[in-house]
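Worksheet: the structure to be examined is printed underneath.
Laboratory data are not the source of any read-out in this text; all were calculated from the coordinates shown. If you're wondering where the values come from, they're calculated on a predicted model, not measured in any experiment. Here Cβ is always computed from backbone atoms with ideal geometry, including for glycine, and neighbour counts include all displayed protein chains.
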Amino acid sequence: MKIFNTICAAVVMTVGASVAANAATFKIDFDGASGDGGVVVNEQGKKSYEVGGYIMEPVNIQGGLCADGKCTIETTQTIEPTLYREDQENFDLFSFYFLNTGNGAIGDEQDGNPTNFVTLDLYDTFDGTIVHSFFFGNLQTFADVEDFGLDIVWFDGEGSDPGSVAECFDTIICKNYGYVISLNELGLDIGKAVWSAAGDANARLDDLVVSEIPLPAAGWLLLGGLGGLAAMRRRHS
């Protein structure tokens with residue numbers, strides 16, 4: 001009976017944890033076994049990063065100028081890295097790390113269009129339409145980012161250039177300085193997020209903070225084991 005009660009308690013704790021996970025967050029750090037536990041999958045030359053029920057594809061995983069460890073790089077040679085849930089259900093994207101090594105700036109123009117920036121498009125569903133679009137680039141002001149309804153802070157960590165230009169810490173986005181972009185309510189309940197580079201943009205993307213996908217299957221496995229134990233008890237009684 002003591003073992004039976006212990007398993008019952010474990011079931012309750014597991015189911016409770018699954019419910020709590022609905023409000024939890026998960027950080028995709030692209031560090032694999034030493035970090036979030038994700039894996040790089042290479043199918044027909046197209047690499048994706050899969051972890052925690054999420055897929056980011058295509059990816060170009062490299063080290064250097066990341067928030068820490070490794071990150072994925074978005075350049076004009078990498079076609080629109082896209083983040084989505086494996087089951088294609090909606091999710092929340094709370095924030096991400098961003099660093100641009102490109103030489104241009106938001107103010108530069110080519111054929112009337114600004115060059116050297118990275119665009120982030122948020123879709124209402126996986127197969128739906130764009131509901132929000134933002135861009136980030138060198139010399140763009142924090143005020144411009146905040147006008148989108150977002151928050152931006154300088155990232156004081158491994159990836160950022162340890163320079164001393166005061167404006168780069170609290171006023172403008174500078175080359176080789178890392179920043180954390182918080183999407184606030186605009187990143188809630190989206191189907192996918194798509195980053196794309198323009199001009200000479202060469203951005204590092206790291207530490208994507210998303211809503212954790214609960215794993216209720218673990219609870220059902222325990223319930224199945226509980227039923228099996230009960231059947232064994234009946235056979236032996």
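What is the calculated FRET efficiency for residue 79 to residue 24, with r their C-beta to C-beta distance and R₀ = 30 Å, to the nearest 0.05? Walk me through the numbers before you get to the answer.
On the way: r = 32 Å, r/R0 = 1.06.
The value I calculate is 0.40.
Please work out whether segment 120-185 counts as rounded, prolate or oblate from its C-alpha gyration tensor, where a ≥ b ≥ c are the square roots of the eigenvalues and a/c under 1.5 means rounded, while otherwise a/b larger than b/c means prolate and anything else oblate? Could you put the intermediate results ahead of the total?
Working: a/c = 2.75, a/b = 2.18, b/c = 1.26.
Judged from the Cα gyration tensor, segment 120-185 comes out prolate (a/c at least 1.5, a/b above b/c).
Rounded to the nearest 20 debye, what is the charge dipole size of segment 28-70 about its Cα centre when +1 sits on each Lys and Arg Cβ and -1 on each Asp and Glu Cβ?
160
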